[in-house]
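Q: First, the structure itself, so that you have it in front of you.
The values are calculated or read from the model by the stated rules, or taken from the named source; none is laboratory data. Since the model is a prediction, treat every value here as computed from it, not as a measurement. Note: ideal-geometry Cβ built from the backbone for every residue, glycine included; neighbour counts use all protein chains shown. Only protein heavy atoms, including side chains, enter the accessible area calculation; ligands, DNA and RNA are left aside. Shrake-Rupley method; radii C 1.70, N 1.55, O 1.52, S 1.80 Å.
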Amino acid sequence: MLDIKKISELRSEYIAQWEVSAQHFEKQNYYKWMSSFLDGYDKVLEVGTGSGTGTKALIESGHQVISIDENPNCLDVAQTKLERDGFKVLRFNRETLNLDMPFSYSVQYSAIQTVDSNYDAILLQADIANDPKLYEWLKTQNIDAVTCWLIGSHGARSFNSYLQENGNPQTPAHYRILTQNRVYEVADEILSKGKVLHIVDRGVELDDFQRAQLIQCHEDQASVTTLKVINIDSLAYEESRDSSAMSMMVTNQATGEVIEKPKLAFSSVLTQKS
């Protein structure tokens, strides 16, 4: 049985695990590598706040950030982290949760207040998948770049009624693709010519065949938009060895078998509005 308490517990569980991984990634300067692709783009929309570690890296690289996450527990951790480090943060809670059935819930989002530009980061409770008020507000914000880094979500997310009706993601990989597809569409709606969308995923080191597959995948995702792939890059990395971190299982795409001791790498895909 799904209830408000259970949703909150699963949200808390997610951010507790992700923060361990994010702290490790920060120590290894992986977020600095990600943010380096956005030099020259001032105002960034970050899709997926997580623990705020990526948000912090963007601010430290000179960007003003609007960061969205549907998980308020993520925003709690991010707000504490950013304010502790002396950054000026605005925070907006917007959701009203509704239990529709024993195994389904929906969310209503309130309007977004008008804000001035005197901030380092806006932390905004929002859902990139289904949030019409968010889309309209973002069109007024003169966004220069959109990021979607290492996207993931909590265990209750698949019970969201909108997602159940529009793809019903049953695996992390399926959820990632559905989310990225929507990010492509929203980025196309809010970005002006020359602005960029940057996606980073965890995976394995790319050989020539895998690199070609990755390019084709993102060209397919971008095909319904005016965004064009302009840069593909990768960086070898290591997962945290802390058992409480969020683990990643790597499988063979053809057979589904788990790959033992894979050579891990982040993949970076930069697309530009034409």
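Q: Any idea which of (1) free of Cβ contacts under 8 Å to residues at least 60 places away in the same chain; (2) assigned to a helix (DSSP H, G or I) is the one residue 134 doesn't satisfy?
A: Just one mismatch for residue 134, condition (1).
Q: Let me ask you something else. Taking the condition of being in a loop (DSSP other than H, G, I, E, B), of a type in the set (Gly, Ala, Ser) and within 22 Å of residue 13 (Cβ to Cβ), how many residues in the stretch 39-57 meet it?
A: 4
Q: If I ask for residues that are among the hydrophobic types (A, V, I, L, M, F, W, C) and either within 22 Å of residue 184 (Cβ to Cβ) or at pLDDT below 95 (or both), which ones from the stretch 6-51 would you list?
A: Correct list: 34, 37, 38, 44, 45, 47.
Q: How many of the residues in the stretch 23-74 are within 25 Å of residue 95 (Cβ to Cβ), in contact with a helix residue (DSSP H, G or I) (Cβ under 9 Å, 6 or more places away or on another chain) and not β-branched (Val, Ile, Thr)?
A: 17
Q: Please count how many residues of the stretch 75-102 are open to solvent by less than 50 Å² (accessible area, probe 1.4 Å), part of a strand (DSSP E or B) and among the β-branched types (Val, Ile, Thr).
A: 1
Q: Evaluate the stretch 1-17: report whether one residue or more is of a type in the set (A, V, I, L, M), part of a loop (DSSP other than H, G, I, E, B), surrounded by 15 or more Cβ atoms within 10 Å (Cβ to Cβ) and touching a residue at least 12 places away in the same chain (Cβ under 8 Å). Working first, answer last.
A: Let us first name the residues in the stretch 1-17 that are of a type in the set (A, V, I, L, M), namely 1-2, 4, 7, 10, 15-16.
Next, from what is left, pick out any that are part of a loop (DSSP other than H, G, I, E, B): 1-2.
Next, from what is left, pick out any that are surrounded by 15 or more Cβ atoms within 10 Å (Cβ to Cβ): 2.
Narrowing the set further to residues that are touching a residue at least 12 places away in the same chain (Cβ under 8 Å) leaves 2.
Yes, there is a match, as at least one residue in the stretch 1-17 is of a type in the set (A, V, I, L, M), part of a loop (DSSP other than H, G, I, E, B), surrounded by 15 or more Cβ atoms within 10 Å (Cβ to Cβ) and touching a residue at least 12 places away in the same chain (Cβ under 8 Å).
Q: Then there is this: Open to solvent by less than 40 Å² (accessible area, probe 1.4 Å), of a type in the set (Ser, Thr, Tyr) and touching a residue at least 24 places away in the same chain (Cβ under 8 Å), is that true of residue 41?
A: Here the answer is no, as residue 41 does not meet what is asked.
Q: Output the strands (runs of 3 or more DSSP E) that fall wholly within the stretch 143-236 and possess 1 or more residues being open to solvent by 50 Å² or more (accessible area, probe 1.4 Å), within 26 Å of residue 51 (Cβ to Cβ) and among the small types (Gly, Ala, Ser), or say none.
A: 227-236
Q: Do we find that residue 139 is out of contact with any helix residue (DSSP H, G or I) (no Cβ under 9 Å at 6 or more places or on another chain), open to solvent by 60 Å² or more (accessible area, probe 1.4 Å) and modelled with pLDDT of 95 or more in this structure? Lay out the reasoning, then the answer.
A: Details: out of contact with any helix residue (DSSP H, G or I) (no Cβ under 9 Å at 6 or more places or on another chain): no; open to solvent by 60 Å² or more (accessible area, probe 1.4 Å): yes; modelled with pLDDT of 95 or more: yes.
In short, no.
Q: Quick one: in the stretch 58-74, of everything that is part of a strand (DSSP E or B) and either touching a Lys or Arg at 6+ places or on another chain (Cβ under 6 Å) or β-branched (Val, Ile, Thr) (or both), which residue is surrounded by the fewest Cβ atoms within 10 Å (Cβ to Cβ)?
A: Restricting to residues being part of a strand (DSSP E or B) and either touching a Lys or Arg at 6+ places or on another chain (Cβ under 6 Å) or β-branched (Val, Ile, Thr) (or both), the top hit is 64.
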